[in-house]
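*Asks:* Sharing a structure, written as C-alpha cells. Questions coming.
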Amino acid sequence: MLRIVKSVLFCSLLWLMACKQSEKSSQEMKETFKESMAYQEPFRPQYHFTPAANWMNDPNGLVYHQGVYHLFYQYYPDDIVWGPMHWGHAVSKDLLHWEHKPIALYPDEHGLIFSGSAVVDVNNTSGLGSTDNPPLVAIFTYHDLAKEEAGGTDYQTQGIAYSLDNGDTWTKYEGNPVIPNTTIKDFRDPKVFWDGKTAQWAMALVAGDHLQLFASDNLINWTFMSEFGKDQGAHGGVWECPDLFELPVAGTDETKWVLLISINPGAPNGGSGTQYFVGDFDGTTFTSDQEEEKWIDWGTDNYAGVTYNNTPNGERIFIGWMSNWEYARDTPTEVWRSAMTLPQTLSLAKIEGAYELLNYPIDEVNTLLEENTKESMEVPAGKSLSRELGKGDQSEVRFMTLSQDLLITFSNEAGEQLTLTMQGDTKQLVLDRSESGLVNFQENFGNIQRMPMPNLPSGEIEMRIFLDASSVEIFINKGQYVMTAQLFPTQPYTTLTLKNGGIAEAHVHSLTIRRVKGTW
C-alpha cells in the first residue's frame with residue numbers, strides 16, 4: 001500500500017512539474033511572441049522614433065553629451081491620449097537607432113512636467129555638479145493643474161533638474177520654481193543656451209502670443225531682458241516651443257540669428273505649425289525686419305520642433321513632433337501614439353534677396369538606404385509612367401526634374417493613393433491625402449494641403465520623398481521647401497506613377513527608389 005501511495009505521489013509530482021514547465025514554456029512563448037511583434041503593429045514607423053507604448057508629443061531637452069544624443073519628450077505613460085505630462089527619455093549614438101530609457105522626470109507638488117530644454121553646464125556655473133563632472137541641467141515648465149482648474153493665471157512656472165550620470169537619473173532643484181509667474185496664462189517651454197558673447201545663459205520663453213528673453217549667470221537666478229513678436233509673425237493661436245540660435249549664411253561671411261516659434265492653431269494648412277524669423281540678437285534683444293510669415297514646414301505634421309544643444313561640430317540638428325493638435329488624439333493607432341520627424345540639419349541661405357531656412361535629413365540617414373540603380377525617363381505630355389515601389393512603407397524616392405507640371409502618385413492594391421502635384425505655373429506643391437487610407441477619424445484630416453514655392457529656381461531641382469508606415473516627408477531643392485504629413489494606408493503603397501500634366505515633354509532623371517532599413 002505504501003509503495004502504491006509513493007508511486008501516486010511521485011506521479012503527481014511529475015504532473016505538477018510538467019504543468020509548471022508547461023506554464024513556464026507558455027509564458028516564455030508569450031514573451032517571445034510579444035517581443036517579435038513589437039514595432040510590427042499596424043502603422044508603426046520603422047525608421048522614425050516612436051515610444052514603445054502610449055502617448056508622446058513635443059521633443060524636449062535635445063542635448064548631446066559624452067557621445068550620446070538625448071531625446072526627451074512629452075509623455076503620458078498610462079494611455080495613448082494626452083494626460084499628466086512626464087519627460088520620456090531615449091538615447092542614441094547616431095540619431096537613428098534609439099534605446100528607450102526610464103522616465104526621466106515625473107510630476108511633483110509644483111505640477112506636471114511640460115516642455116523645455118537641456119544644457120551641459122560645462123563650467124558648473126550652477127554649482128550642481130563639479131568641474132570634473134559638470135551636470136546636465138534640464139529646464140522645463142511646471143503646470144499646476146489645480147491652479148488652472150481654480151481659474152488662476154499663475155499656473156505655469158519654470159523649474160530645473162540636474163543629472164550627474166549623463167541623464168540616467170535626475171534630481172529636482174530644491175528651490176524650484178526658478179522663475180515664478182503671477183499674471184501670464186501661457187508662460188512656458190524654456191529653451192536655454194550659452195551666449196558666448198555675453199558669457200551668460202540666455203532663455204527664450206513664450207508668454208501668450210509673444211517671446212520673452214531672460215538671462216542668468218548660473219541657471220538658477222534669472223533676469224528678464226526683453227520681448228519680441230507682439231506685432232510680428234502669425235498670431236492665429238498660442239505661441240509655443242521657442243528656439244533661438246545663430247547660423248552662417250551659406251556662401252558668405254555673414255551670420256544671422258534664427259528664431260523658431262510653434263503656433264497652435266494658425267498654421268497655413270490648418271492647426272499646428274512652426275514659423276521662423278531671421279534677424280539679429282545682441283545678447284539682450286532679438287530683432288527682425290521680416291514682414292512675411294515663414295514656415296519651416298508647410299505640411300500639417302511637423303510641430304513643436306527644436307534643435308540640439310552642444311552638438312559635436314556645432315551642427316544645428318532639428319527634430320519635430322510629427323502630428324497636429326487638430327487630430328493628434330484621434331489617429332488610428334492602438335499601442336502607441338505619435339512619432340518624431342527624421343532628424344534634420346538646418347542651414348541658412350539668401351535666395352532672391354531673402355533669408356531662407358533650409359532643413360534636410362542628416363547625412364547619417366544615407367546609411368539606411370539600400371543600393372539601387374538610377375534611371376532617366378522622358379514622360380510625354382499628358383502621359384504616365386509607372387514603376388514598382390516595392391514595400392512602400394519603407395521607401396525613399398529621389399529624382400531630378402524641372403519645376404514643371406508633374407503629378408506624383410503612390411498607390412496600393414486597395415485603391416488608396418497619395419497624390420503630390422507640382423504646379424509649374426503657380427509654383428506650388430499640392431498634397432492630397434483624401435484617398436490615402438484611413439482618413440475619416442477626423443473631419444479635416446483629408447483636406448488638401450498647399451505649399452507655395454515662389455523662390456524655387458527655374459532650373460533642375462531635386463525632389464526627395466521618404467515614406468514610412470504612416471508618414472511622408474518631402475524635401476524639395478535640398479530642403480528649401482518641405483512638407484510633412486501623416487498617412488494611414490491599410491496596405492503599403494506598391495506603385496509610383498509619374499504623370500506629365502504639362503504641354504511639353506517632362507524630363508525626369510537620376511530616379512532612384514530605395515528601401516529604407518528599419519532602425520528598431
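Since every read-out is calculated from the coordinates, none of them should be taken as a lab result. All figures in this text were calculated on a predicted structure; none of them were measured in a lab. Cβ atoms come from the backbone with ideal geometry, glycine included; neighbour counts cover every protein chain shown.
*Asks:* Of the cross-linked pairs LYS256/LYS517; LYS383/LYS478; LYS185/LYS294; LYS197/LYS350; LYS197/LYS427, which ones have a Cα-Cα span greater than 32 Å in the structure shown? The partial results should precede the final answer.
*Replies:* Numbers: LYS256/LYS517 37 Å; LYS383/LYS478 28 Å; LYS185/LYS294 26 Å; LYS197/LYS350 25 Å; LYS197/LYS427 41 Å.
Checking Cα-Cα distances, LYS256/LYS517; LYS197/LYS427 exceed 32 Å.
*Asks:* Continuing with this model, one more query. In deg cm²/dmol, rounded to 500, what helix-only [θ] at 222 nm does the chain give when every DSSP H run of at least 4 residues adds -39500 (n - 2.57) and the total is split over its residues? Write out the running numbers ahead of the final one.
*Replies:* Details: 2 runs with 41 residues, N = 520.
Calculated from helices alone, the mean residue ellipticity at 222 nm is -2500 deg cm²/dmol.
*Asks:* Oh, and also: Mind putting a number on the dipole of the chain about its Cα centre? Charges go on the C-beta only, +1 for Lys and Arg and -1 for Asp and Glu, and I need it in Debye to the nearest 20.
*Replies:* Numbers: 36 positive and 68 negative charges, 353 e Å.
Dipole about the Cα centre, nearest 20: 1700 debye.
*Asks:* Work out how far the C-alpha atoms of the stretch 369-515 reach from end to end along every principal axis, then list the three figures in whole Å, largest first.
*Replies:* 40, 33, 28
*Asks:* Same structure, new question: Quick one: 3J(HN,Hα) in Hz for the stretch 349-361, Karplus 6.51/-1.76/1.60 with θ = phi - 60°, rounded, Gly and Pro as x.
*Replies:* 9, 10, 10, 6, x, 10, 6, 10, 8, 9, 9, 9, x
*Asks:* Next question. Work out the FRET efficiency for THR333 and ALA354 from their Cβ-Cβ distance, taking R0 = 30 Å, and round it to the nearest 0.05.
*Replies:* Numbers: r = 39 Å, r/R0 = 1.31.
The calculated FRET efficiency here is 0.15.
*Asks:* Could you give the alpha-carbon Rg of the stretch 133-199 over 2.2 N^0.38 Å, rounded to two decimals?
*Replies:* Values: Rg = 14.3 Å, N = 67, 2.2 N^0.38 = 10.9 Å.
Normalised Rg, Cα atoms only: 1.31.
*Asks:* Can you order the peptides 479-486, 349-356, 144-151 by their average number of other Cβ atoms within 10 Å per residue, highest first?
*Replies:* Working: 479-486: 24.4, 349-356: 14.4, 144-151: 12.4.
Top of the packing list down: 479-486, 349-356, 144-151.
*Asks:* How would you order 336-345, 67-76, 274-283, 101-110 from highest to lowest mean count of nearby Cβ atoms within 10 Å? Display every interim value, and only then the final one.
*Replies:* Details: 336-345: 24.3, 67-76: 21.5, 274-283: 19.4, 101-110: 15.1.
Per-residue mean Cβ counts within 10 Å order the peptides as 336-345, 67-76, 274-283, 101-110.
*Asks:* Of THR285, GLY271, TRP170, which is farthest along the charge dipole of the stretch 54-361 in the positive direction, counting Lys and Arg as +1 and Asp and Glu as -1 at C-beta?
*Replies:* TRP170
*Asks:* Continuing with this model, one more query. Tell me, how many Å apart are the Cα centres for the stretch 74-130 and for the stretch 185-226?
*Replies:* Using only Cα atoms to place each centre, the spacing works out to 19 Å.
*Asks:* How high is the relative contact order of the chain, in percent, counting Cα pairs under 8 Å that sit 6 or more residues apart? Display every interim value, and only then the final one.
*Replies:* Working: 1359 pairs, mean separation 67.7, N = 520.
Over the chain, the number comes to 13 percent.
*Asks:* Right, another one. With the radius of gyration and the Kirkwood radius both derived from the Cα set of the chain, what is their ratio Rg to Rh?
*Replies:* Numbers: Rg = 25.7 Å, Rh = 24.6 Å.
That ratio equals 1.04.
*Asks:* Quick one: in the stretch 445-520, what % of C-alpha pairs are over 22 Å apart?
*Replies:* Numbers: 996 of 2850 pairs.
Percentage above 22 Å: 35.
*Asks:* So, one more: With only alpha-carbon atoms in the gyration tensor, what are the semi-axes of the equivalent ellipsoid for the stretch 54-361, in Å, largest first?
*Replies:* On the way: eigenvalues 132, 109, 87 Å².
Rounded to whole Å, the semi-axes are 26, 23, 21.
*Asks:* Taking 8 Å as the Cα distance limit and 6 or more residues as the minimum spacing, I'd like the relative contact order of the stretch 369-515 as a percentage.
*Replies:* Working: 380 pairs, mean separation 64.4, N = 147.
Relative contact order for the stretch 369-515 comes out at 44 percent.
*Asks:* Here's a follow-up. Please sort 170-180, 261-271 by packing, taking for each peptide the average over its residues of neighbouring beta carbons within 10 angstrom, highest first. List each step's numbers first, then the result.
*Replies:* Working: 170-180: 15.9, 261-271: 21.8.
Packing order, densest peptide first, comes out as 261-271, 170-180.
*Asks:* Whose amide H sits under 5 Å from the amide H of VAL249, counting only residues 5 or more places off or on another chain, with H placed in the peptide plane?
*Replies:* Residues meeting the amide H criterion: GLU254, THR255, LYS256.
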